[in-house]
Amino acid sequence: MSTTASEEPLRLHRHRRWAFDQLLVESALIPPVFVVVTVFSRPGPVEYQWFVELSTPAAVIWAVLVLPLFVYRLTLGRRKHMEISSTDSPRPGAVVHEILWPYVKGIQVAWGLTGRRVRVSERASRGPVTLYAPRAGWLPDRRFDREVSELRQRAIEHGATVQPARSRRWGLAVGLTLVAVVLATGVRTAVVGAVWPWTPIASRVGEGCPALDAAGLERYWPASSRQLDKDQDVDFGTLQHSSCIWVRDFSPDGVGPFEAIRLTVRLHEPKAERSAVAAATHEFDEHQRASDYPYVRVPGFGDEAFFISTPARVLLGARKANVNVFVSVWPGKLDGDGDAAVQGLAAEILDDIELDSTEAAEREPA
């Protein structure tokens, strides 16, 4: 803060540190803003890949907007200054604001993201003005305190009526809003889940029909009263699909408990644009939305599961990490317990799925 004789205007220039402070704040704000917007705008779990994707637009905004502003503030912006004087008269130079001592009614210390500044209130209708100087960081600064005291004293000597500083509620409101945004983002992440490089996933699953046999299909439907209708195992590169369908044996001796039973197991692998868990979650949600029957969410089956029980069809769909398992039974008019069969088989199949890898490991080139 530069001072002259008491009759001369008090000229306040921007310090070079101001440009670096603004650069620090604006650079630090870009990533959180992108993260908050992305978390609330994209469906499914929060993925670590999003942060990699966000780095490019964040870098572009920094290079196009933040960096040029920093250069301007460091060069041409520092030529501008403020003046506090006793009389209103034309001043040479780039004066961005002129304050008259007799109209000053308040001088207070304002806290900001980069430290402390001095804010002056005037009797005119316009709002308070933040001075270019003095300024200080967050730590105690005797020089700053001394300059603020000198500024108050000088204001009184020039006819100002300096009133006690009043608390500004907008600062509290802004702080509470920021806290609310952070908490809401955390709650949203906790609700939808998050996928990180170390998130465990399965790298392989068993084939459909052997998986049904290992889960104890014989207990619910003896082999003597059913026949195999479909046994399919397909590897699509980023998706392993396995399906097995058994139907009732219509021979005279083939009286079984169900008309048909089907198992579908789908293992998703990481893609360039989506994690394996997110892909499985998306498919799981699509199955729920496409259901023609009312369903209920049931705990105890993998990470999430839904259950449908009607006279026409019984279905349990479950997701465990990056694997979706769908077990369906068509009871027909027979007396088999479709609910018990579906739940029992699904529980055994999910227990046999081992999470033996991670997202990062599966993304590594072979």
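Has region 226-246 got at least one residue that is closer than 30 Å to PRO45 by Cα, of a type in the set (A, V, I, L, M) and without any contact (Cβ under 8 Å) to a residue 12 or more places away in the chain?
There is at least one residue in region 226-246 that is closer than 30 Å to PRO45 by Cα, of a type in the set (A, V, I, L, M) and without any contact (Cβ under 8 Å) to a residue 12 or more places away in the chain.
Got a number for residues in region 108-147 being of a type in the set (Val, Ile, Thr), closer than 20 Å to ARG16 by Cα and in contact (Cβ under 8 Å) with a residue 24 or more places away in the chain?
Residues that pass the stated criteria total 3.
Looking at region 311-327 only, could you name the residues that are open to solvent by less than 10 Å² (accessible area, probe 1.4 Å) and in contact (Cβ under 8 Å) with a residue 40 or more places away in the chain?
Correct list: ALA321, ASN322, VAL323, ASN324, VAL325, VAL327.
LEU183: within 30 Å of ARG116 (Cβ to Cβ), out of contact with any strand residue (DSSP E or B) (no Cβ under 8 Å at 6 or more places or on another chain), surrounded by fewer than 12 Cβ atoms within 10 Å (Cβ to Cβ) and modelled with pLDDT of 90 or more, yes or no?
Here the answer is yes, as LEU183 does meet what is asked.
Yes or no, residue by residue, for (1) at negative phi; (2) assigned to a loop (DSSP other than H, G, I, E, B); (3) modelled with pLDDT under 85; (4) not charged (D, E, K, R):
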position	(1), (2), (3), (4)
GLY77	yes, no, yes, yes
THR87	yes, yes, yes, yes
GLU98	yes, no, yes, no
LYS105	yes, no, yes, no
VAL118	yes, no, no, yes
ALA124	yes, yes, yes, yes
GLY127	yes, yes, yes, yes
TRP138	yes, yes, yes, yes
GLU150	yes, no, no, no
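Are any residues in region 288-310 outside any loop (DSSP other than H, G, I, E, B), modelled with pLDDT under 90 and exposed (fewer than 13 other Cβ atoms within 10 Å of the Cβ), and if so, which ones?
Hit for region 288-310 is ARG289, nothing else.
Out of the residues in region 253-287 that are part of a strand (DSSP E or B) and over 30 Å from LEU54 (Cβ atoms), state the one that is most open to solvent (accessible area, probe 1.4 Å).
Per the stated criteria, the residue is ARG262.
Across region 47-78, what is the total count of residues that are farther than 16 Å from ARG17 by Cα, surrounded by 15 or more Cβ atoms within 10 Å (Cβ to Cβ) and charged (D, E, K, R)?
Number satisfying all stated conditions: 1.
The values are calculated or read from the model by the stated rules, or taken from the named source; none is laboratory data. The structure displayed is predicted, hence computed values, not measured ones. Every residue, glycine among them, receives a Cβ derived from its backbone with ideal geometry; neighbour counts consider all protein chains shown. Areas reflect the complete protein model, heavy atoms only, side chains present, ligands, DNA and RNA absent. Shrake-Rupley method; radii C 1.70, N 1.55, O 1.52, S 1.80 Å.
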